[in-house]
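Beneath this line is the structure, given in structure tokens, with notes to follow.
What follows is calculated from the coordinates using simple rules that are stated; it is not laboratory data. Everything numeric in this text was worked out from a predicted model, so none of it was measured. Counting neighbours? That spans all protein chains shown, and the Cβs are built from the backbone with ideal geometry, glycine included.
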4 protein chains.
Amino acid sequence: MSGERVSVALFGAGRIGRRHGRTIAFDIPAAELSIVCDVDAEAARQLAADLRCDRWTTDPADVFGDQSIDAVVIGASTSAHAPLITAAAKAGKHAFCEKPIALDLESTDSALRAVSEAGTILQIGFQRRFDKGFAKAKAMIEAGAIGKVESLRESMRDPGPPPPGYLPHSGGLYRDMTIHCFDCLRWLAGEDVSEVFAMGANLVDPIFKELNDIDTSIVSMRFDSGALGVIDNSRRSAFGYDVRTEVFGSEGAILIGYSRDTPLLHLSAEGIVSDHVYWFLERFDEAFIAEMHAFIDSVKRGAPPQVTGADGRAAMALAYAAEASLKSRTPVSPRQF
Amino acid sequence: MSGERVSVALFGAGRIGRRHGRTIAFDIPAAELSIVCDVDAEAARQLAADLRCDRWTTDPADVFGDQSIDAVVIGASTSAHAPLITAAAKAGKHAFCEKPIALDLESTDSALRAVSEAGTILQIGFQRRFDKGFAKAKAMIEAGAIGKVESLRESMRDPGPPPPGYLPHSGGLYRDMTIHCFDCLRWLAGEDVSEVFAMGANLVDPIFKELNDIDTSIVSMRFDSGALGVIDNSRRSAFGYDVRTEVFGSEGAILIGYSRDTPLLHLSAEGIVSDHVYWFLERFDEAFIAEMHAFIDSVKRGAPPQVTGADGRAAMALAYAAEASLKSRTPVSPRQF
Amino acid sequence: MSGERVSVALFGAGRIGRRHGRTIAFDIPAAELSIVCDVDAEAARQLAADLRCDRWTTDPADVFGDQSIDAVVIGASTSAHAPLITAAAKAGKHAFCEKPIALDLESTDSALRAVSEAGTILQIGFQRRFDKGFAKAKAMIEAGAIGKVESLRESMRDPGPPPPGYLPHSGGLYRDMTIHCFDCLRWLAGEDVSEVFAMGANLVDPIFKELNDIDTSIVSMRFDSGALGVIDNSRRSAFGYDVRTEVFGSEGAILIGYSRDTPLLHLSAEGIVSDHVYWFLERFDEAFIAEMHAFIDSVKRGAPPQVTGADGRAAMALAYAAEASLKSRTPVSPRQF
Amino acid sequence: MSGERVSVALFGAGRIGRRHGRTIAFDIPAAELSIVCDVDAEAARQLAADLRCDRWTTDPADVFGDQSIDAVVIGASTSAHAPLITAAAKAGKHAFCEKPIALDLESTDSALRAVSEAGTILQIGFQRRFDKGFAKAKAMIEAGAIGKVESLRESMRDPGPPPPGYLPHSGGLYRDMTIHCFDCLRWLAGEDVSEVFAMGANLVDPIFKELNDIDTSIVSMRFDSGALGVIDNSRRSAFGYDVRTEVFGSEGAILIGYSRDTPLLHLSAEGIVSDHVYWFLERFDEAFIAEMHAFIDSVKRGAPPQVTGADGRAAMALAYAAEASLKSRTPVSPRQF
């Protein structure tokens, strides 16, 4: 490293870029935010000011040509992920990148090759792995608390569809949304998937059908050990953000479950009412901070990241398999991708 | 006993009499319902018919003069409790009696003397002790699951005030309602109370003030070991029947807690809603059955009952102490009563 | 009807027969238990005695030849269901029968034809429909509380595999266990299923593989409206009986969820612990009583039953479809069966 | 104000000072941390460095003599609170001060007089008022969600006693710990207290008795409207930090209740286990941030603070009343203090 602190450049001055920028700038003594880069000059300038950072730019070359910069955090739009990963690798800089690496496996593989050749660290932003609940579940499973894993079950629902303008570039339900579930179950199970069967439907909004996409889905999975998994998704949840994951083993089960927004119950003649977390940024705010700590820690220690590029690729291959199954109406192995 | 089955007479053909009658008639192979007695002939006749019992009467002498009857279950109105307990004892019959034994300690003591002289079994209807939740709590406390008991806390609220006609004969809040809490905390703590301080208020309905009664109360208690307890009561609960009891010990705590009526959650934009148990007969239905099993079992085995006349008296003495404290505005020892 | 009360004969003196017998004998004033029939004379005699019923027999002809008997309750072994339904129909007697009607659709159809020709009432024992939680969920869905149904999700797990001797005659996982889930989702959705895809595994016990059966399964379903459903089952659940059902709609969701056995929490340094219901007889005890009330009520009023023979057949057709899908590894329509 | 941002000096470089310093330095764009002051030079220097603040000192005169400083945040030890409040007022600087203002009412009144004369803003650190759960409860009560408030109930337990060295200077249970409960119930009820009765015990550790202090307590309260309240406290809680508050009204109730640390359930043959929040800094972390935002906002807008010096004094007067009641064994009015 160039200095005592890890010097970090931030790509992307939007919602997620701001979240990561605050963590780097204020929450990690071992890191410092050196420059903010965004195609929108005003956004870059404003975020840099808010984060009390002196430098901002619209030109990635200002980052990649700067020897004092150790690492980059990529929170730009999806299409920029793979090129920035590749450029960072070639410049010898470590990278943290939001999921997905790319919307196709060709670009994914090309970026991963660049990283592999450079020997730099690449961590993918599957933030759930750093959530206290999920992390504790993983640790308990590894410690044998539920015996041998036999089934996994996940529900994930967004409060409502993304903005229409986002959808054509989203990659579709499986690459955009289910990819989080694919990574999560694969990680909790501690093993790979041998086949996938997908059932999809258009129930939420006609736009999904127009885009040849689906908005509701159930994916069944068989893991290498024979364990079974199932993921159900919807682009709509009238009651807010919904992520619930269950792992059943030979000696017990773990439910990573329901989050109230506040620990408050209102009791009246109508019943007992509690609120709930509405949005993923609220649900996973601490996890976004924790994953950045883990990344800086990897960089400082030269240790492998907790979520690798291979993990990002594996989740995308599962999305490919789900899409192929949806089309062929048969189970599909992700290994062919 | 006169026969293979315990032959039981039932006094009282009202709500609680019917509950106990069904248990005796249908749920306990070791018992049989022999006769139903009520001042209201039609009520006695109808209940006997519903319980498939051949005999009914309005005259207690038909019960006490019948040698084949082993035991009586007293679910008549409160003023009849002590006289029936006394008559049963004199006739050599075992008795189960709803709480309270009497609304005053003089009558209580007189009835208990008769039982003591006769050597018959008397069980008092503190049904909570037979509720699965409370019974498990008691067993856990005795097994040391929470270490030494240090504090106890109970909330008990009725959905609404009793009918106005009942109130003048109720004995007031402490003898009518808090008496359940007094028995429960004394039993869970496993020790007696050395002092009581009561604070009362009139907030629910003016009728309580007119009757020189209260409708809202907080009673603080000190137990012999030094442990503290507190009971809060109200004659109104907008959300239904509310009984929650907490026991804190040196190594943990037990909450006997919230009961949903159905295991159903409704999730909507307004929040997550569950229902709750509205009425004590629903909440404690199984306990009413279990206490009758225990009574018949005591009679069959000639064993002491699980809730004694002394327990009934002790709870009433606590009610006396609470009333005295309310008047004197100082802590009062129940030992003087 | 022959008398004021519905006169009922009970077939089967085992666990479920005893449960239904108690309800008929003691809980329903409008019914009377007239005779108990079981191939085991001693079991029939003993159960009749316990239920205070004068008659018992080992010969079904004693039931079917008796004009005074209005209805039969069939809790005998599965292979006897269809013959007894058929005999009851031919004798003009209404019938309540435990699920399944038969383990194959041929026998099912033959029994249903007999009922149809006789014009008698036949109710199938899907007791869940009478559980307070499920019944309330159904009523809420019909009242529009969650808008249009879009997805359904159910987990059902037994504490452990049935006795080895039972398995060869069980009909396999789908006909024996999942059949409850098939009925439940079909009923909650209020519509039929157009296709089914099944994934199964052998993880619990080698005996299932030996019997060419499975012990773990995920079944995806598409309903006629396009709604999706998923059922996951296991023959083992280390933590007790597990039935949780979720229905997601355009405006909300319903979870029929977790049941504690007692409303008790134990708090200690290890965490907060609650217990849970271990076995289906505990979980659904009230539902078994309620379904019998509904049956007697149908018979008295000459009204159609709440769970018809067609419902029983439809659930079995779904089991057939799941089995066919398991074999063909493709989605299968239940309509072909 | 001297500049665009509110310039803030921080007194106290310990645990709570660090928490507030981070908020000022990084989380509030409208504020800037100008200097850190602590009697321990190394602690002041280190905290300033961690917070990327250029100035630190051990001399309060460096703060009070600096015209560019608008406000002070007082997180120093309790005995320094009143002198620093007074000095800040005299220097015309607004102040945020941790509770209590002082351990005695004389010093409290003297400090409040100085603030009153200077016309500066003083906010007291009752952070609970800024917790999402408590804040929502207050808003619901004010909006009439539970009708007229009739009873309030609070449990507050610390995981274990403070370090022995802290105790002699703590002010005792009521001034140190119950003071949070006093403020909270007074605030939720929206009214003052007319009488207090206290019952205390020594059950946790002999040191409390040696110091003439108590470790377990129940305090009953009557509010001006006649509503009743009760607070139970313990210096020990084997299962972690415990704050649960309940407000019962004529039309419903609110429970501000149980917090899991993670939304995770572990199901096994032993039961269903969840974890819980162990420590108040975890439970109220967001509230500490929110109260600082509110303070800076008051300063910027010249608006009265949400928690006033009078609130701080009123809670202390309740502690005095509780102590007097403990001694006199009679109810005591806090109005005499």
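Taking the listed residues D:Asp109, D:Asp66, the one that is out of contact with any Pro (no Cβ under 8 Å at 6 or more places or on another chain) and in a helix (DSSP H, G or I) is D:Asp109, with no other qualifying.
Mind telling me which of the residues D:Thr23, D:Thr78 ends up being within 14 Å of chain A (Cβ to nearest Cβ), among the hydroxyl-bearing types (Ser, Thr, Tyr) and closer than 22 Å to D:Phe126 by Cα?
On the way: D:Thr78 fails: within 14 Å of chain A (Cβ to nearest Cβ).
From the options D:Thr23, D:Thr78, the qualifying one is D:Thr23.
Which numbered condition trips up D:Phe96, out of (1) of a type in the set (A, V, I, L, M, F, W, C); (2) surrounded by 22 or more Cβ atoms within 10 Å (Cβ to Cβ); (3) not in a strand (DSSP E or B)? The number of the failed condition is (3).
Return yes when A:Leu185 is touching a residue at least 12 places away in the same chain (Cβ under 8 Å), part of a helix (DSSP H, G or I) and surrounded by 20 or more Cβ atoms within 10 Å (Cβ to Cβ) and no when it is not. Working first, answer last.
Details: touching a residue at least 12 places away in the same chain (Cβ under 8 Å): yes; part of a helix (DSSP H, G or I): yes; surrounded by 20 or more Cβ atoms within 10 Å (Cβ to Cβ): yes.
In short, yes.
Has the stretch A:4-18 got any residue that is buried (at least 20 other Cβ atoms within 10 Å of the Cβ) and within 14 Å of chain D (Cβ to nearest Cβ)?
There is no residue in the stretch A:4-18 that is buried (at least 20 other Cβ atoms within 10 Å of the Cβ) and within 14 Å of chain D (Cβ to nearest Cβ).
Each residue in the stretch D:325-337 was checked for being surrounded by 19 or more Cβ atoms within 10 Å (Cβ to Cβ), more than 14 Å from chain B (Cβ to nearest Cβ) and either part of a loop (DSSP other than H, G, I, E, B) or aliphatic (A, V, I, L, M) (or both), and 0 of them qualify. Of the residues A:Ala139, A:Ala143, the single one that is closer than 30 Å to C:Val204 by Cα, over 22 Å from the mean Cα position of the chain (by Cα) and free of Cβ contacts under 8 Å to residues at least 12 places away in the same chain is A:Ala143. So, C:Ala61, is that one more than 14 Å from chain B (Cβ to nearest Cβ), among the small types (Gly, Ala, Ser), under 23 Å from C:Gly119 (Cβ atoms) and crowded, with 20+ Cβ neighbours inside 10 Å or not? For C:Ala61, the condition - more than 14 Å from chain B (Cβ to nearest Cβ), among the small types (Gly, Ala, Ser), under 23 Å from C:Gly119 (Cβ atoms) and crowded, with 20+ Cβ neighbours inside 10 Å - is not met. For the stretch A:191-202, the candidate set comprises residues that are surrounded by fewer than 22 Cβ atoms within 10 Å (Cβ to Cβ) and in contact with a helix residue (DSSP H, G or I) (Cβ under 7 Å, 6 or more places away or on another chain); within that set, the residue that is farthest from A:Arg236 (Cα to Cα) is A:Asp192.
Every listed requirement among (1) within 14 Å of chain D (Cβ to nearest Cβ); (2) more than 23 Å from A:Asp158 (Cβ to Cβ) is met by A:Gly257 save one, (2).
When you go through C:Asp297, C:Asp311 one by one, which is the residue that is farther than 29 Å from C:Gly171 by Cβ and in a helix (DSSP H, G or I)?
Values: C:Asp311 fails: farther than 29 Å from C:Gly171 by Cβ.
Unique residue meeting the criteria: C:Asp297.
If you go through the stretch A:115-136 one residue at a time, do you hit one that is within 14 Å of another protein chain (Cβ to nearest Cβ) and small (Gly, Ala, Ser)? Yes, the stretch A:115-136 contains at least one residue that is within 14 Å of another protein chain (Cβ to nearest Cβ) and small (Gly, Ala, Ser). Residues of the stretch A:286-302 that are among the aromatic types (Phe, Trp, Tyr) and farther than 14 Å from A:His94 by Cβ: A:Phe288 alone. The set of residues in the stretch B:204-241 that are β-branched (Val, Ile, Thr), part of a strand (DSSP E or B) and either surrounded by fewer than 21 Cβ atoms within 10 Å (Cβ to Cβ) or at the interface with another protein chain (Cβ under 8 Å from one of its Cβ atoms) (or both) comprises B:Thr216, B:Ile218, B:Val230. For D:Ala43, the criteria (1) part of a loop (DSSP other than H, G, I, E, B); (2) more than 23 Å from D:Arg5 (Cα to Cα); (3) not β-branched (Val, Ile, Thr) hold in every case but one, which is (1).
Restricting attention to the stretch D:187-203, the residues that are out of contact with any strand residue (DSSP E or B) (no Cβ under 6 Å at 6 or more places or on another chain) and within 14 Å of chain B (Cβ to nearest Cβ) add up to 1.
Can you tell me which residue is surrounded by the fewest Cβ atoms within 10 Å (Cβ to Cβ) among those in the stretch C:242-275 that are among the charged types (D, E, K, R) and not in a strand (DSSP E or B)? Working first, answer last.
Taking the stretch C:242-275 first, the residues among the charged types (D, E, K, R) are C:242, C:244, C:246, C:251, C:260-261, C:270, C:275.
Next, only the ones that are not in a strand (DSSP E or B) stay: C:251, C:260-261, C:270, C:275.
Numbers: C:Glu251: 15, C:Arg260: 20, C:Asp261: 18, C:Glu270: 13, C:Asp275: 21.
Ranking the qualifying residues of the stretch C:242-275, first place goes to C:Glu270.
What about C:Glu291, is it in a helix (DSSP H, G or I), of a type outside the set (Gly, Ala, Ser), more than 11 Å from every other protein chain (Cβ to nearest Cβ) and within 25 Å of C:Gly17 (Cα to Cα)? Spell out the reasoning first.
On the way: in a helix (DSSP H, G or I): yes; of a type outside the set (Gly, Ala, Ser): yes; more than 11 Å from every other protein chain (Cβ to nearest Cβ): yes; within 25 Å of C:Gly17 (Cα to Cα): yes.
Spelling it out, C:Glu291 is indeed in a helix (DSSP H, G or I), of a type outside the set (Gly, Ala, Ser), more than 11 Å from every other protein chain (Cβ to nearest Cβ) and within 25 Å of C:Gly17 (Cα to Cα).
Summed over the stretch D:287-324, the residues that are surrounded by 24 or more Cβ atoms within 10 Å (Cβ to Cβ) and touching an Asp or Glu at 6+ places or on another chain (Cβ under 6 Å) give a count of 1. A single member of D:Ala111, D:Ala89 is among the small types (Gly, Ala, Ser) and in contact (Cβ under 8 Å) with a residue 40 or more places away in the chain, and it is D:Ala111.
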